[in-house]
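The structure under discussion appears below in the form of C-alpha coordinates.
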Amino acid sequence: MPIPSHFNSENVPQHIAIIMDGNGRWAKQNGKARVFGHKSGVKSVRSVSEGAAEAGVKYLTLYAFSTENWNRPKAEVTALMQLLVSTISRETKTLNKNNIRLAAIGDLGSLPRNCQSELEKAIENTSSNTGMTLVLALSYSSRWEILAAIKSLLNDVKSGTLDAATLNETVFNNYLCTKNIPDPELIIRTSGEHRISNFLLWQAAYSEFYFTDILWPDFRKENLWDAVTDFQNRERRFGKTSEQLK
Ligand code: IPE
Ligand code: IPE
Ligand code: MG
(Lines give C-alpha, C1' and ligand atoms only; values in the text may rest on other atoms or scores of the structure.)
(Ligands and ions follow the chains in the order given, each with its own letter.)
Protein backbone atom coordinates (compact mmCIF):
# COMPACT_ATOMS: atom_id res chain seq x y z
CA MET A 1 0.00 0.00 0.00
CA PRO A 2 1.50 3.38 -1.01
CA ILE A 3 1.60 6.29 1.41
CA PRO A 4 -1.88 7.97 1.39
CA SER A 5 -2.16 11.34 -0.38
CA HIS A 6 -3.59 12.97 2.78
CA PHE A 7 -0.41 12.08 4.70
CA ASN A 8 1.37 15.25 5.78
CA SER A 9 4.96 14.85 4.67
CA GLU A 10 6.00 18.01 6.53
CA ASN A 11 7.11 17.65 10.14
CA VAL A 12 7.91 13.94 9.92
CA PRO A 13 10.23 12.85 12.76
CA GLN A 14 13.84 12.45 11.65
CA HIS A 15 14.21 9.57 14.08
CA ILE A 16 11.52 7.12 15.24
CA ALA A 17 12.33 4.42 17.79
CA ILE A 18 10.07 1.43 18.40
CA ILE A 19 9.74 -0.95 21.35
CA MET A 20 8.43 -3.95 19.43
CA ASP A 21 6.39 -5.77 22.06
CA GLY A 22 3.68 -8.43 22.15
CA ASN A 23 5.08 -11.30 20.07
CA GLY A 24 4.54 -13.85 22.85
CA ARG A 25 0.96 -12.80 23.54
CA TRP A 26 0.19 -12.80 19.81
CA ALA A 27 1.47 -16.38 19.51
CA LYS A 28 -0.55 -17.43 22.54
CA GLN A 29 -3.72 -15.91 21.06
CA ASN A 30 -3.07 -17.98 17.96
CA GLY A 31 -2.45 -21.15 19.95
CA LYS A 32 1.21 -21.25 18.95
CA ALA A 33 4.60 -21.27 20.70
CA ARG A 34 6.24 -17.90 21.50
CA VAL A 35 8.85 -18.36 18.77
CA PHE A 36 6.06 -18.31 16.19
CA GLY A 37 5.25 -14.79 17.38
CA HIS A 38 8.86 -13.69 16.93
CA LYS A 39 8.95 -15.14 13.40
CA SER A 40 5.71 -13.38 12.52
CA GLY A 41 7.15 -10.12 13.86
CA VAL A 42 9.67 -10.09 11.01
CA LYS A 43 6.85 -9.19 8.57
CA SER A 44 6.09 -6.16 10.70
CA VAL A 45 9.76 -5.14 10.68
CA ARG A 46 9.75 -5.30 6.88
CA SER A 47 6.52 -3.33 6.50
CA VAL A 48 7.46 -0.68 9.07
CA SER A 49 10.98 -0.18 7.64
CA GLU A 50 9.48 0.36 4.20
CA GLY A 51 6.78 2.65 5.56
CA ALA A 52 9.28 4.73 7.51
CA ALA A 53 11.50 5.15 4.45
CA GLU A 54 8.44 6.12 2.36
CA ALA A 55 7.46 8.74 4.95
CA GLY A 56 10.94 10.30 4.81
CA VAL A 57 12.16 9.14 8.22
CA LYS A 58 15.98 9.29 8.39
CA TYR A 59 16.60 6.92 11.33
CA LEU A 60 14.43 4.05 12.51
CA THR A 61 15.61 2.30 15.68
CA LEU A 62 14.07 -1.06 16.56
CA TYR A 63 14.47 -2.51 20.06
CA ALA A 64 14.96 -6.16 19.13
CA PHE A 65 16.67 -7.66 22.18
CA SER A 66 17.34 -6.11 25.58
CA THR A 67 20.07 -6.84 28.11
CA GLU A 68 17.30 -8.21 30.34
CA ASN A 69 16.03 -10.52 27.57
CA TRP A 70 19.11 -12.72 28.19
CA ASN A 71 17.21 -13.90 31.28
CA ARG A 72 14.48 -15.57 29.20
CA PRO A 73 14.39 -19.38 28.85
CA LYS A 74 17.49 -20.57 27.00
CA ALA A 75 15.48 -22.11 24.14
CA GLU A 76 13.76 -18.79 23.43
CA VAL A 77 17.06 -16.87 23.48
CA THR A 78 18.64 -19.39 21.09
CA ALA A 79 15.65 -19.21 18.76
CA LEU A 80 15.74 -15.39 18.77
CA MET A 81 19.46 -15.37 17.92
CA GLN A 82 18.92 -17.85 15.08
CA LEU A 83 16.04 -15.77 13.77
CA LEU A 84 18.26 -12.73 13.86
CA VAL A 85 21.00 -14.44 11.84
CA SER A 86 18.60 -15.80 9.20
CA THR A 87 16.65 -12.55 8.92
CA ILE A 88 19.72 -10.35 8.56
CA SER A 89 21.23 -12.47 5.80
CA ARG A 90 17.90 -12.81 3.98
CA GLU A 91 16.96 -9.13 4.17
CA THR A 92 20.23 -7.53 3.03
CA LYS A 93 19.06 -7.54 -0.61
CA THR A 94 15.81 -5.76 0.29
CA LEU A 95 17.72 -3.20 2.34
CA ASN A 96 19.91 -2.45 -0.68
CA LYS A 97 16.88 -2.27 -2.98
CA ASN A 98 15.34 0.31 -0.64
CA ASN A 99 18.63 2.22 -0.19
CA ILE A 100 18.57 1.50 3.58
CA ARG A 101 21.77 1.42 5.63
CA LEU A 102 21.93 -1.00 8.56
CA ALA A 103 23.47 -0.08 11.92
CA ALA A 104 23.39 -1.63 15.39
CA ILE A 105 23.65 -0.41 18.98
CA GLY A 106 24.18 -2.44 22.14
CA ASP A 107 26.66 -4.83 23.67
CA LEU A 108 27.28 -6.49 20.30
CA GLY A 109 30.27 -8.46 21.60
CA SER A 110 27.89 -10.47 23.79
CA LEU A 111 25.99 -11.84 20.77
CA PRO A 112 26.83 -15.32 19.45
CA ARG A 113 29.80 -15.30 17.04
CA ASN A 114 27.71 -16.13 13.92
CA CYS A 115 25.28 -13.41 14.80
CA GLN A 116 28.07 -10.86 15.06
CA SER A 117 29.53 -11.87 11.72
CA GLU A 118 26.17 -11.75 9.86
CA LEU A 119 25.54 -8.36 11.38
CA GLU A 120 28.99 -7.04 10.43
CA LYS A 121 28.53 -8.35 6.88
CA ALA A 122 25.12 -6.71 6.47
CA ILE A 123 26.34 -3.42 7.94
CA GLU A 124 29.30 -3.45 5.54
CA ASN A 125 27.17 -4.47 2.51
CA THR A 126 24.67 -1.66 3.08
CA SER A 127 27.16 1.00 4.19
CA SER A 128 27.03 3.02 0.97
CA ASN A 129 23.23 3.36 1.00
CA THR A 130 22.14 6.94 1.41
CA GLY A 131 18.44 6.64 2.33
CA MET A 132 17.18 5.72 5.78
CA THR A 133 19.38 4.20 8.51
CA LEU A 134 17.82 1.19 10.23
CA VAL A 135 19.32 0.82 13.70
CA LEU A 136 18.89 -2.51 15.51
CA ALA A 137 19.16 -2.34 19.29
CA LEU A 138 20.63 -5.72 20.23
CA SER A 139 21.67 -6.78 23.68
CA TYR A 140 20.94 -3.14 24.41
CA SER A 141 19.90 -1.43 27.57
CA SER A 142 20.22 2.20 28.46
CA ARG A 143 21.83 1.67 31.85
CA TRP A 144 24.43 -0.60 30.24
CA GLU A 145 25.08 2.06 27.60
CA ILE A 146 25.39 4.92 30.11
CA LEU A 147 27.74 2.94 32.36
CA ALA A 148 29.88 1.91 29.38
CA ALA A 149 30.04 5.57 28.35
CA ILE A 150 31.11 6.65 31.84
CA LYS A 151 33.82 3.96 32.01
CA SER A 152 35.22 4.96 28.65
CA LEU A 153 35.05 8.64 29.57
CA LEU A 154 36.92 8.04 32.85
CA ASN A 155 39.61 6.21 30.91
CA ASP A 156 40.01 9.18 28.60
CA VAL A 157 40.26 11.55 31.56
CA LYS A 158 42.89 9.31 33.11
CA SER A 159 44.94 9.11 29.92
CA GLY A 160 44.63 12.86 29.39
CA THR A 161 42.60 12.61 26.11
CA LEU A 162 39.68 14.35 27.81
CA ASP A 163 39.74 17.34 30.13
CA ALA A 164 36.99 16.69 32.72
CA ALA A 165 36.26 20.42 32.89
CA THR A 166 35.05 20.36 29.26
CA LEU A 167 32.42 17.67 29.88
CA ASN A 168 28.98 18.75 28.67
CA GLU A 169 25.97 17.12 26.97
CA THR A 170 27.58 17.18 23.52
CA VAL A 171 30.78 15.57 24.80
CA PHE A 172 28.82 12.93 26.73
CA ASN A 173 26.68 12.15 23.66
CA ASN A 174 29.86 11.20 21.84
CA TYR A 175 30.47 8.37 24.30
CA LEU A 176 27.05 6.78 23.67
CA CYS A 177 26.30 4.09 21.06
CA THR A 178 24.00 6.63 19.42
CA LYS A 179 26.75 9.22 18.94
CA ASN A 180 26.01 9.83 15.25
CA ILE A 181 22.24 9.55 15.56
CA PRO A 182 19.88 12.41 16.50
CA ASP A 183 17.61 11.86 19.53
CA PRO A 184 14.31 10.18 18.63
CA GLU A 185 11.45 12.68 18.33
CA LEU A 186 8.94 9.83 18.55
CA ILE A 187 9.02 6.57 20.52
CA ILE A 188 6.35 3.96 19.85
CA ARG A 189 5.52 0.99 22.05
CA THR A 190 3.12 -1.72 20.91
CA SER A 191 1.07 -4.27 22.90
CA GLY A 192 -0.53 -1.91 25.44
CA GLU A 193 2.42 -1.70 27.85
CA HIS A 194 3.25 1.79 29.11
CA ARG A 195 6.88 1.57 30.13
CA ILE A 196 10.32 2.28 28.68
CA SER A 197 12.04 -1.00 29.71
CA ASN A 198 15.58 0.42 29.81
CA PHE A 199 15.44 1.90 26.29
CA LEU A 200 17.19 5.16 25.28
CA LEU A 201 16.76 6.82 28.69
CA TRP A 202 19.19 9.66 27.95
CA GLN A 203 18.09 10.11 24.34
CA ALA A 204 14.35 10.11 25.20
CA ALA A 205 14.62 13.26 27.35
CA TYR A 206 12.22 15.13 25.01
CA SER A 207 10.73 12.34 22.91
CA GLU A 208 7.01 12.12 22.27
CA PHE A 209 5.52 8.74 23.25
CA TYR A 210 2.90 6.83 21.30
CA PHE A 211 1.31 3.74 22.79
CA THR A 212 -0.94 1.31 20.96
CA ASP A 213 -2.65 -1.91 21.99
CA ILE A 214 -1.74 -3.54 18.66
CA LEU A 215 0.58 -6.51 19.19
CA TRP A 216 3.84 -6.23 17.24
CA PRO A 217 3.11 -9.04 14.70
CA ASP A 218 -0.07 -7.14 13.67
CA PHE A 219 1.65 -3.74 13.36
CA ARG A 220 2.06 -2.47 9.79
CA LYS A 221 3.28 0.66 7.99
CA GLU A 222 -0.26 2.15 8.10
CA ASN A 223 -0.09 2.01 11.92
CA LEU A 224 3.28 3.78 11.79
CA TRP A 225 1.80 6.54 9.63
CA ASP A 226 -1.05 6.89 12.16
CA ALA A 227 1.55 7.36 14.91
CA VAL A 228 3.31 10.03 12.83
CA THR A 229 -0.01 11.84 12.26
CA ASP A 230 -0.64 11.77 16.02
CA PHE A 231 2.88 13.19 16.58
CA GLN A 232 2.18 16.01 14.10
CA ASN A 233 -0.79 17.14 16.21
CA ARG A 234 1.25 17.61 19.37
CA GLU A 235 2.81 20.77 20.66
CA ARG A 236 6.43 20.19 21.63
CA ARG A 237 7.26 22.90 24.13
CA PHE A 238 10.72 21.91 25.42
CA GLY A 239 10.03 23.62 28.72
CA LYS A 240 8.72 26.85 27.20
CA THR A 241 5.17 28.16 27.33
CA SER A 242 2.75 27.68 24.49
CA GLU A 243 2.77 31.46 23.82
CA GLN A 244 6.55 31.51 23.39
CA LEU A 245 6.28 29.10 20.50
CA LYS A 246 4.00 31.36 18.45
C1 IPE B 1 8.82 -8.65 22.05
O2 IPE B 1 7.78 -9.55 22.29
C3 IPE B 1 10.06 -9.33 21.51
C4 IPE B 1 11.19 -9.34 22.45
C5 IPE B 1 11.22 -8.76 23.62
C6 IPE B 1 12.38 -10.05 22.02
P7 IPE B 1 7.69 -10.37 23.65
O8 IPE B 1 8.41 -11.67 23.45
O9 IPE B 1 8.14 -9.56 24.78
O10 IPE B 1 6.12 -10.65 23.73
P11 IPE B 1 5.21 -10.59 25.04
O12 IPE B 1 5.45 -9.28 25.70
O13 IPE B 1 5.62 -11.75 25.90
O14 IPE B 1 3.82 -10.72 24.51
C1 IPE C 1 11.19 -4.74 25.77
O2 IPE C 1 10.24 -5.76 25.76
C3 IPE C 1 12.40 -5.18 25.00
C4 IPE C 1 12.22 -5.38 23.55
C5 IPE C 1 11.15 -5.07 22.87
C6 IPE C 1 13.33 -5.95 22.88
P7 IPE C 1 10.09 -6.74 27.01
O8 IPE C 1 8.91 -7.60 26.73
O9 IPE C 1 11.37 -7.43 27.25
O10 IPE C 1 9.81 -5.72 28.19
P11 IPE C 1 9.20 -5.93 29.64
O12 IPE C 1 10.01 -6.97 30.32
O13 IPE C 1 7.78 -6.37 29.46
O14 IPE C 1 9.29 -4.60 30.29
MG1 MG D 1 7.19 -8.26 26.04
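The values are calculated or read from the model by the stated rules, or taken from the named source; none is laboratory data. Just so it is clear, the model here is predicted, and its values are computed rather than measured. All Cβ positions, glycine included, derive from the backbone under ideal geometry; neighbour counts span all protein chains shown. The area values use the complete protein model at the heavy-atom level, side chains included, leaving out ligands, DNA and RNA. Shrake-Rupley method; radii C 1.70, N 1.55, O 1.52, S 1.80 Å.
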Exercise for the section: Could you tell me, in Å, what Rg and Dmax come out for the Cα atoms of the range 125-246? Expected result: 17.8, 51
Exercise for the section: Can you tell me the dipole magnitude for the range 17-68 around its Cα centre, using point charges on the Cβ only (Lys, Arg +1; Asp, Glu -1), in Debye to the nearest 20? Expected result: 300
Exercise for the section: Could you tell me what fraction of 2.2 N^0.38 Å the Cα radius of gyration of the range 60-149 comes to, as a two-decimal ratio? Expected result: 1.09
Problem - Cα lying deepest toward the dipole's positive end in the chain, options ILE187, ALA148, SER86, charges on Cβ - result: SER86
Practice task
Treat every Asp and Glu Cβ in the range 36-161 as -1 and every Lys and Arg Cβ as +1, leave all other atoms uncharged, and give the resulting dipole magnitude about the Cα centre to the nearest 20 debye.
Solution key: 200
Problem - Relative contact order [Cα under 8 Å, 6+ residues apart], the chain, whole percent - result: 29
Problem - Value at 222 nm in deg cm²/dmol, rounded to 500, when DSSP H runs of n ≥ 4 in the chain each add -39,500 (n - 2.57) - result: -13500 deg cm²/dmol
Exercise for the section: Over all directions, average the projected area of the Cα convex hull of the range 1-114 and note it in nm². Expected result: 8.6
Fill in the blank from the handout: The simple spin-label model distance between TRP202 and ARG143, using points 7 Å out along Cα→Cβ, in nm, is 1.6
Handout entry: Convex hull per residue volume in Å³, alpha carbons only, for the chain
Key = 149
Exercise for the section: Work out which chymotrypsin sites (Phe, Trp or Tyr not before Pro) in the chain are exposed loop sites (DSSP not H, G, I, E or B, at most 12 other Cβ within 10 Å) and give the longest gap free of them. Expected result: 1-205
Practice task
Could you give the size of the charge dipole of the range 96-246 about its Cα centre, using +1 on the Cβ of each K and R and -1 on the Cβ of each D and E, expressed in debye and rounded to the nearest 20?
Solution key: 160
Fill in the blank from the handout: Once amide hydrogens are built 1.01 Å from N within the peptide plane, the residues lying 5 or more places from LEU162 or on another chain with amide H under 5 Å from its amide H are VAL157
Problem - Accessible carbon and sulfur surface of the range 59-118 relative to its total accessible area, %, 1.4 Å - result: 53
Handout entry: Distance cut-off 21 Å, percentage of C-alpha pairs in the range 174-246 lying past it
Key = 39
Exercise for the section: Please compute the Cα-Cα pair-distance distribution of the range 33-96 with 10 Å bins starting at 0, giving whole percents from short to long. Expected result: 17, 50, 27, 6
Problem - Heavy-atom surface of the chain, accessible at 1.4 Å and reported per residue (Å²) - result: 53
Completion exercise
In the range 135-246, taking the dipole from +1 charges on Lys and Arg beta carbons and -1 charges on Asp and Glu beta carbons about the Cα centre, the listed residue (ALA164, GLN244, VAL228) farthest towards the positive end is ALA164
